[in-house]
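A short write-up of the structure that comes next.
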Amino acid sequence: MKLVFAGTPEVAVPALDALIASGRHEVAAVVTRPDAPAGRGRRLVASPVAERAEEAGIEVLKPVRPRDEDFLARLREIAPDCCPVVAYGALLPKAALDIPARGWVNLHFSLLPAWRGAAPVQHSVMAGDEVTGASTFLIEEGLDSGPVYGVLTEEVRPTDTSGDLLTRLAFAGSGLLAATMDGIEDGTLHAVPQPADGVTLAPKITVEDAQVQWSAPALRVDRIVRGCTPAPGAWTLFRGERLKLVQATPVIDRHDLAPGEISATKKNVYVGTGSHAVELLWVQPQGKKPMQAADWARGVRIAPGELLGL
């Protein structure tokens, strides 16, 4: 088939690579988000998908809005058979959905209908799921509601951050997307409607969502920290400034600290929660680089009974 691939961040690159490497289909063009400011100088930088496509000599389309007529006209000229999508980042209008004869097929990082939305992996980690996965489905105008072509499962490990899990799913899912394209092309794969039961939503995680509530149980604190790593980053307040929590772990045998109360030794930093304590391993003070929590604690000279979160 002639394909137009749509994707933007680094997590979409493995799928683009798999489609290029398969040799079975032609990736005629790539659709990605426009260049965005990045770094201290805030200079415009192309997306990871755009950079990879340019390296491969593939035409890159960067519409400000996918409903722009110039973009739609070019897409009609290319006349793709199918448009595979991974984390493109913009809503596709019906005018675009109608162009490829076999539709737009999304690789979504959950076992649909669970975790429909922008942040399925983060929500899966924060919810304490033991198993998640990826699904390929035909895009409709509804939110991740289209019929499913294929799925794969992936164990959520006890120490996984959302970044860890998303990386594994990106590489495993690239094979699923390539196989889905093959099955659509040869007619052996047919989309199956999603069940009506089991729908959960995974909206974008905001900075406010990532604030740790120390009155919550340690298990919840652990899930928030892992689910919000690397982005947007779990955080708390310390002496009126934000302190990012990069890595923490529950300590089930320590119950002597009030919620938010800090206890620091030469090598360890413990914080009380609504149940047992957690140990802070890595933190990032405002305006500084990540550091080991024990080094941070020595530098700020924590007073007895001092609290996080106030």
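The values are calculated or read from the model by the stated rules, or taken from the named source; none is laboratory data. Just so you know, these numbers come straight off a predicted model, no measurement behind them. In this analysis, Cβ positions are derived from the backbone assuming ideal geometry, glycine residues included, and neighbour counts consider all displayed protein chains. Just so you know, the surface numbers come from the protein's heavy atoms only, side chains and all, with ligands and any DNA or RNA stripped out. Shrake-Rupley method; radii C 1.70, N 1.55, O 1.52, S 1.80 Å.
Structure values in brief
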item	result
Between helix 162-186 and the chain: long-axis angle, C-alpha atoms, 0 to 90°, nearest 10	10 degrees
Fraction of accessible area attributable to carbon and sulfur, segment 99-155 (%, probe 1.4 Å)	49 percent
Residue 98 paired with residue 242, simple spin-label distance in nm, labels 7 Å along Cα-to-beta-carbon	4.4 nm
Net charge over other residues, Cβ less than 14 angstrom from the Cβ of residue 116 (K, R count +1; D, E count -1)	-3
Hydrodynamic radius by Kirkwood, which averages 1/r over all alpha carbon pairs of segment 228-310, in angstrom	12.7 Å
Residues in segment 1-24 reached by a label modelled at residue 186 [backbone nitrogen below 14 Å; 7 Å Cα→Cβ]	1, 23-24
Estimated distance in nm for a label pair at residue 208 and residue 64, the labels positioned 7 Å out from Cα along Cα-to-Cβ	2.9 nm
Nearest-10 value in Å² for the accessible area of residue 149, using the 1.4 Å probe	40 Å²
Relative contact order of segment 151-310, defined on C-alpha pairs under 8 angstrom at six or more residues apart (%)	19 percent
Segment 1-16 versus segment 233-254: alpha-carbon centroid distance in Å	36 Å
Under Karplus coefficients 6.51, -1.76 and 1.60, residue-wise ³J(HN,Hα) of segment 95-104 in Hz, glycine/proline x	4, 7, 4, 7, 6, x, 4, 10, x, 9
Charge context of residue 101, other residues only, Cβ under 11 angstrom, K/R +1, D/E -1	0
Helix 69-78 vs. the chain, principal-axis angle (Cα, 0 to 90°, nearest 10)	60 degrees
Alpha carbon centroid spacing (whole Å) that separates segment 133-206 from segment 80-100	16 Å
Folded to 0 to 90 degrees: helix 13-22 orientation relative to the chain principal axis, Cα	30 degrees
Net charge of neighbours whose Cβ lies under 14 Å from the Cβ of residue 266, counting Lys and Arg as +1 and Asp and Glu as -1	+1
Value of relative contact order over the chain, rounded to a whole percent, pairs C-alpha under 8 Å and six or more apart	13 percent
Å² of accessible area per residue within the chain, as computed with a 1.4 Å probe and no ligands counted	48 Å²
Burial order of peptide ranges 218-225, 53-60, 178-185 (average beta-carbon count within 10 Å, highest first)	218-225, 178-185, 53-60
Sparsely packed chymotrypsin sites (Phe, Trp or Tyr not before Pro) within segment 92-148, loop by DSSP, other Cβ within 10 Å at most 11	none
Surface share of carbon and sulfur [accessible, 1.4 angstrom probe, percent] for segment 240-310	51 percent
